[in-house]
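Before any comments, here is the structure.
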Amino acid sequence: MFKKGTINTPSQTGMRPVRHRTSAYIRNSFLFVALGLFATAAALAVVDPNNGTTELPLIHAARQTLALPEPFPLPIGDFDTPFISETQIRPGDTLSALLQRLRIQEPRLQQFLAHDKNARAIYKLQPGRTLQAALDKDGRLVWLRYNHTPGTNENGHFVSKWLEVKPDGKGQFAAAERSEAADTQIRVAEGVISSSLFGATDAADIPDAITLQMTDILGSKIDFMQDIRRGDRFRIIYESYSHDGMEVGAGRILALEFINRDHPYEAVWFDPKDSSGAYYDFSGHSLKGAFLRTALKFTRISSTFGMRMHPLHRTWTGHQGVDYAAPKGTPIHSTSDGVVEFMGQKNGYGNVIIIKHGKHYSTLYAHQSRFASGLKQGETVEQGQLIGYVGATGWATGPHLHYEFRVDNRPIDPLSVNLPIAHTLEGPELKTFEHSVASYREHIHLLAELQSQQHVASR
Ligand SMILES: [Zn+2]
């Protein structure tokens, strides 16, 4: 494997020399040293009930409080190391522009890429994907890589895929598809909300997929559309996939704590031998609630109005529902498993869906602009399933979702009902659970201590 160096090129838009990645590595280990001042835990012991305990390196995503290290030194005296540069494909890019940005001067390369049947995939030039090139000290091409979207292989392992083009030693080139299992790392991140949840996760370098997982996992506890407040904080431990030092994907959240309006909610992934995995709180209560706290799906778009959204009506006397102001077309989701009991128009309600959940409960979603295509009365729906879109039909002054929760056909505040917990671990299962989540719980608590120390120090 080649070592990575750095290439001195004029900074162009879209040009991303590998140096940045290398320094990100250093920054992470630097943070580690900083953390070590407070904590002795240098690795997170992950207990797998099937394979015993494995130690995984921890990488911190929170870097805002740390000074940058000295610039990465050039590899002095090691001029055989090829220089690697990288560029991202932009809309409207041409292959010759990309090769130029990578400083590749191989007159026959472009023709080869256009005609070789293995290499032609490169011509799709999908914006957002990256091309990397390694050049030797004389500027000759060592290899060119076109990175595809990563995916999973037949064993469910995360893999990186790329097309690799190399000189064949006879004055021509050869192209081949390559793939390699990505490295799994455990990342730890934390954040405080000042403007929005995505604002906080962006600042902590947390991928969107992880942010949305967090809102799903706690979807029956927190209404992320209405309940999020400035000063809410969170700590997350999650799997991250990387290849050659580049983050290529996010895995699963392993543990998290979210403090919403001073109330802590925690979640940990537990995957016992005999049943499928699920999230539990630290005491072993399942987090899969009977009902989601909101019928509106939290997305990057909805989050932008979430923080400044005022519920139009929050009182139950006289109104008997919760109104969520939201742009027309915002997706509406069933808050629980059930059967579509009514779907159509009802004067004040406009386009409305009523879903029956078991014998006593039902939920109602009014003023919809349209229903989900293909949905029919009498059909079963799952918790979280798309049923329609926000609108202003019926008696509505602006687009909003009017949501009712009913017990024996009487509207009632869902917060006032004690809904049964789906599942609580007991006996030997609870023992296994406690053993396997102990290190996560400790680590989350350690992060909480560090966060409060930082808070005291900064006052
Ligand atoms: Zn209403």
Could you name every one of the strands (runs of 3 or more DSSP E) located completely within segment 325-402 that has at least 3 residues being within 16 Å of the ligand (Cβ to nearest atom) and either among the aliphatic types (A, V, I, L, M) or surrounded by 17 or more Cβ atoms within 10 Å (Cβ to Cβ) (or both)? 350-357, 361-366
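Being at pLDDT 85 or above and in contact with a helix residue (DSSP H, G or I) (Cβ under 7 Å, 6 or more places away or on another chain): is that true of L99 here? Explain how you work it out, then say what you get.
Numbers: at pLDDT 85 or above: yes; in contact with a helix residue (DSSP H, G or I) (Cβ under 7 Å, 6 or more places away or on another chain): yes.
Taking the combined requirement at face value, the residue satisfies it.
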Provide a single number: the residues in segment 183-208 that are within 16 Å of Q451 (Cβ to Cβ), in contact with a Leu (Cβ under 6 Å, 6 or more places away or on another chain) and aliphatic (A, V, I, L, M). 1
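Being within 30 Å of G251 (Cα to Cα) and touching a helix residue (DSSP H, G or I) at 6+ places or on another chain (Cβ under 7 Å), is that true of even one residue in segment 130-142?
Step one: of segment 130-142, the residues within 30 Å of G251 (Cα to Cα) are 130-134.
Narrowing the set further to residues that are touching a helix residue (DSSP H, G or I) at 6+ places or on another chain (Cβ under 7 Å) leaves 131.
Yes; the residues of segment 130-142 include at least one that is within 30 Å of G251 (Cα to Cα) and touching a helix residue (DSSP H, G or I) at 6+ places or on another chain (Cβ under 7 Å).
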If I filter segment 411-423 down to residues being more than 18 Å from I332 (Cβ to Cβ) and within 16 Å of the ligand (Cβ to nearest atom), which single residue comes out as farthest from the chain's Cα centre (by Cα)? I412
Taking the conditions exactly as written (surrounded by 18 or more Cβ atoms within 10 Å (Cβ to Cβ), within 30 Å of E257 (Cα to Cα), in contact (Cβ under 8 Å) with a residue 24 or more places away in the chain and not polar (S, T, N, Q)), does L419 satisfy them or not? no
How many residues are more than 21 Å from V437 (Cβ to Cβ) and not in a strand (DSSP E or B) when one looks only at segment 227-278? 10
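The values are calculated or read from the model by the stated rules, or taken from the named source; none is laboratory data. These numbers come from a predicted model, not from an experiment. Cβ: placed from backbone, ideal geometry, glycine included. Neighbour counts: every protein chain shown.
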